[in-house]
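Scroll down for the structure; my scribbles are underneath it.
The values are calculated or read from the model by the stated rules, or taken from the named source; none is laboratory data. The shown structure was predicted, so the numbers you read here are calculated from the model rather than taken from an experiment. Cβ sites come from the backbone with ideal geometry, for glycine too, and all protein chains shown count toward neighbours. The protein model used for the area step is the full one, side chains on, heavy atoms only, and it has no ligands, DNA or RNA in it. Shrake-Rupley method; radii C 1.70, N 1.55, O 1.52, S 1.80 Å.
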Amino acid sequence: MTDAPVIGVLALQGDVREHLIALAAADAVARPVRRPEELAEVDGLVLPGGESTTISKLAILFGVMEPLRARVRDGMPVYGTCAGMIMLADKILDPRSGQETIGGIDMIVRRNAFGRQNESFEAAVDVRGVEGDPVEGVFIRAPWVESVGAGTEVLAEHDGHIVAVRQGNALATSFHPELTGDHRLHALFVEMVRANRTPDAL
Ligand code: GLN
């Protein structure tokens, strides 16, 4: 397995460890990324769940926000869960003051969208591109996608709201597959990274 892709997890705040474990289970070499030099060494990157305002502020403080934008713009595969989804949105409907995103997916997200009554819940979610049974969606103060641009593919909805999307090499889910032990979404992402790294391989 020497050809395993190297996938980073942005390790400024959030559930980094769970993503490292899920990526390793999906046959990637997984490592935490905090600094621009570490970012330069990975084939793909996961943006974990956590608190998107905190992640945004720390990314700026650590000098990694612009390098992140540059790599995403250059087509590095990236997968954001929950707060990570927010980080990938070109626009946040209700940003906190000073909150910035990396961007990369033509969508508008609404933070904490499911509301107080429903802050955390689980639901079966059918995700396009994931074979077999629906995924167990763990939603924790989750965002939803308010609207998408023409180039953004909707992969899943819950209760009429968009909760999984893909645009090119950028994938995002409102929910947390890293918390369930079901590694199919991480496997899908690892495949995206492999395809991007070796576009000519058969
Ligand atoms: N509500 C959080 C935010 O706005 C996201 C929650 C999560 O990642 N579980 O960043």
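Specify the residue that is least open to solvent (accessible area, probe 1.4 Å); the eligible residues are those in the stretch 18-63 that are farther than 19 Å from ALA187 by Cβ and free of Cβ contacts under 8 Å to residues at least 12 places away in the same chain.
Here the answer is GLU37.
Filtering the stretch 34-63 down to residues that are closer than 20 Å to LEU20 by Cα and among the basic types (Lys, Arg), which residue is farthest from the ligand (Cβ to nearest atom)?
In this case the residue turns out to be ARG35.
When you go through VAL130, VAL154, VAL190, VAL163 one by one, which is the residue that is part of a strand (DSSP E or B) and open to solvent by less than 30 Å² (accessible area, probe 1.4 Å)?
VAL163
Quick one: is GLY137 open to solvent by less than 10 Å² (accessible area, probe 1.4 Å) and either closer than 23 Å to ARG197 by Cα or without any contact (Cβ under 8 Å) to a residue 12 or more places away in the chain (or both)?
No; evaluated as a whole, the condition is false for this residue.
Which one is farthest from THR173 (Cα to Cα), of the residues in the stretch 100-111 that are within 15 Å of the ligand (Cβ to nearest atom) and open to solvent by 60 Å² or more (accessible area, probe 1.4 Å)?
GLU100
State which residue is nearest to the ligand (Cβ to nearest atom) when the search covers only the stretch 64-99 and only residues that are part of a loop (DSSP other than H, G, I, E, B) and buried (at least 17 other Cβ atoms within 10 Å of the Cβ).
CYS82
Within the stretch 107-127, restricting attention to residues that are assigned to a loop (DSSP other than H, G, I, E, B) and of a type in the set (A, V, I, L, M, F, W, C), which residue is farthest from ASP90 (Cα to Cα)?
VAL127
Does GLU153 satisfy being within 29 Å of ARG96 (Cα to Cα) and either under 16 Å from the mean Cα position of the chain (by Cα) or of a type in the set (Lys, Arg) (or both)?
yes
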